[in-house]
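Q: Here it is, the structure, as structure tokens.
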Amino acid sequence: MNHLVWFRNDLRTYDNTVLSTALKDANKVIAAYCFDPRHYLNSVYGFKKTDRFRSKFLIETIQNLKENLAALNIPMFIYTEKPEDCLPKLISQQQITSIYFQKEWTSEEAAVEMALKTSVDNSIQFKSFYDQFLFHPEDIPFDAFSKIPNVYTDFRKKCEKYCFVREMLPQPEKLSEDNFIDTETNIPTLQQLGLEAYSEDTRTAFSFSGGEDPAWERIHSYFWKTEQLATYKQTRNGLVGTEYSSKLSAWLANGSISSRSIYWEVKKFEKNVVKNQDTYWLVFELIWRDFFKYISLKHGNSIFKIGGILQKSYNWNQSKKQLDNWILGNTTYDFVNANMSEIEQTGWMSNRGRQNVASFWAKELKQDWRIGAAYFESMLIDYDVHSNWGNWMYVAGVGNDPRDRKFNINSQAERYDPENIFIDLWNNEHT
Ligand SMILES: Cc1cc2nc3c(=O)[nH]c(=O)nc-3n(C[C@H](O)[C@H](O)[C@H](O)COP(=O)(O)OP(=O)(O)OC[C@H]3O[C@@H](n4cnc5c(N)ncnc54)[C@H](O)[C@@H]3O)c2cc1C
């Protein structure tokens, strides 16, 4: 049996169900990753689907994954082509019998899987696994995805009571040296993906580096070195600096680390250092992440539609001038401007910032919320389809917020940035 592990948003060797299962009964295992050219084109809203910040992070992630796979004697083939164009050739050259991959359900990802299926021989087996969750779909206390509650608290309480988090998988065992071959394929540069190289803004909240090793270094630092986890709930609404929140989202989004691993690391911390509301709260937030994945499983493409999952109709506007002012930080609110400047310069924005700029865009300007979501999709280093579109729907009043709130931006700024430290950092001319 010759197996191909087709990496998607599960870019790690550790605690990876797809990789571990593929290794079980194989004579030979090879890996592949495709920088899909469609991900670097413009979306229907006119933004690059993946701009420079996430692309650079992804390039670093693949470099790290390639090295970690090589240490297991697994060769990694890297293409800048559509999977359905390059993988059939690889499958035939390497006499592959089965393809292992993480199951994705959003329409674009599902279409790629279908296109790949139709471009290879019928005898090739497709084996896909859900591996992006904290609570595995087979373990949740709901009979079907259609039964997932639309209110977060109902979902969380039932999962916390009746569900469990699976153990992490053992470290994969190294294959024999003859499994390794020279792949003679290269990781593209930013320029080859049609993007410009850039140097990091010194004001960045966090100097992100892609890959599972940097993800674990962050865990080591945030949990064990500085013990910031012990005060997470108290600091998580911060705006400036590396330590106000975990910053794990970028690695979680492309699967460099599993949500399960973070959960079990929290449990270790609770045993060895302290167990309190703050340590629990990180898990609480990881459950939010699961919630939006289940909402997208339940509602399918509605998460991308203007009426959202509630199918609500509002009078949405589409003003190019308002869009330019929002993106360039020329609105009437310094707090919105500072946050928009941060995302434009670094690909990052705090959760507090995201809520405020999204509320301003959708609720105050009454602009089509999908344009805001598409801009975030382009810019965010931690873009995750479910978390982004789910949170945008939530803030825009077409999703899961039972109270349909609008943020008072001035009072938010006074509360979270009382001395204008954040505003001054991002609104003053950068030297
Ligand atoms: C409009 C809007 C768009 C967003 N888009 C994204 C996105 O594309 N990708 C993304 O990962 N998060 C998104 N979020 C959620 C949240 O802002 C980020 O997860 C968080 O700011 C990341 O920082 P952190 O890792 O330091 O989070 P922490 O506060 O340390 O939280 C730990 C982890 O919990 C999860 N989490 C925390 N808050 C949320 C939330 N509200 N929804 C879902 N998961 C959460 C994340 O995986 C995060 O890494 C969005 C929020 C809003 C309001």
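The values are calculated or read from the model by the stated rules, or taken from the named source; none is laboratory data. None of the values given here were measured: they were computed from a predicted structure. Heads up, the Cβs are rebuilt from the backbone with ideal geometry, glycines too, and the neighbour counts pull from every protein chain shown.
Q: Would you kindly identify the helices (runs of 4 or more DSSP H) lying entirely within segment 201-310 that contain at least 3 residues that are of a type in the set (S, T, Y)? Before you say what the answer is, go through the steps one by one.
A: Working: elements: 212-219, 232-235, 249-253, 259-272, 277-299.
Here the list reads 259-272, 277-299.
Q: Restricting the search to segment 239-260, which residues are of a type in the set (V, I, T), in contact (Cβ under 8 Å) with a residue 40 or more places away in the chain and within 11 Å of the ligand (Cβ to nearest atom)?
A: I257
Q: Moving on. Just one of L297, L229 is outside the structural domain of I421 (by TED's automatic domain parsing) and within 13 Å of the ligand (Cβ to nearest atom); which is it? Spell out how you get there, then give the answer.
A: Working: L297 fails: within 13 Å of the ligand (Cβ to nearest atom).
Result of the check over L297, L229: L229.
Q: Let me ask something else. Taking the stated definitions as given, is Q412 modelled with pLDDT of 95 or more, within 15 Å of the ligand (Cβ to nearest atom), surrounded by fewer than 21 Cβ atoms within 10 Å (Cβ to Cβ) and within 18 Å of S43 (Cβ to Cβ)? Walk me through it before giving the result.
A: On the way: modelled with pLDDT of 95 or more: yes; within 15 Å of the ligand (Cβ to nearest atom): yes; surrounded by fewer than 21 Cβ atoms within 10 Å (Cβ to Cβ): yes; within 18 Å of S43 (Cβ to Cβ): no.
No; evaluated as a whole, the condition is false for this residue.
Q: If you don't mind, another one. Against the definition (in contact with a helix residue (DSSP H, G or I) (Cβ under 7 Å, 6 or more places away or on another chain), in contact (Cβ under 8 Å) with a residue 40 or more places away in the chain, more than 26 Å from T50 (Cα to Cα) and more than 9 Å from the ligand (Cβ to nearest atom)), how does D278 come out, yes or no? Steps first, answer last, please.
A: On the way: in contact with a helix residue (DSSP H, G or I) (Cβ under 7 Å, 6 or more places away or on another chain): yes; in contact (Cβ under 8 Å) with a residue 40 or more places away in the chain: yes; more than 26 Å from T50 (Cα to Cα): yes; more than 9 Å from the ligand (Cβ to nearest atom): yes.
Yes; evaluated as a whole, the condition is true for this residue.
Q: Give the residues of segment 352-405 that are in contact with a helix residue (DSSP H, G or I) (Cβ under 7 Å, 6 or more places away or on another chain), within 17 Å of D324 (Cβ to Cβ) and acidic (D, E), sorted by residue number.
A: Within segment 352-405, none qualify.
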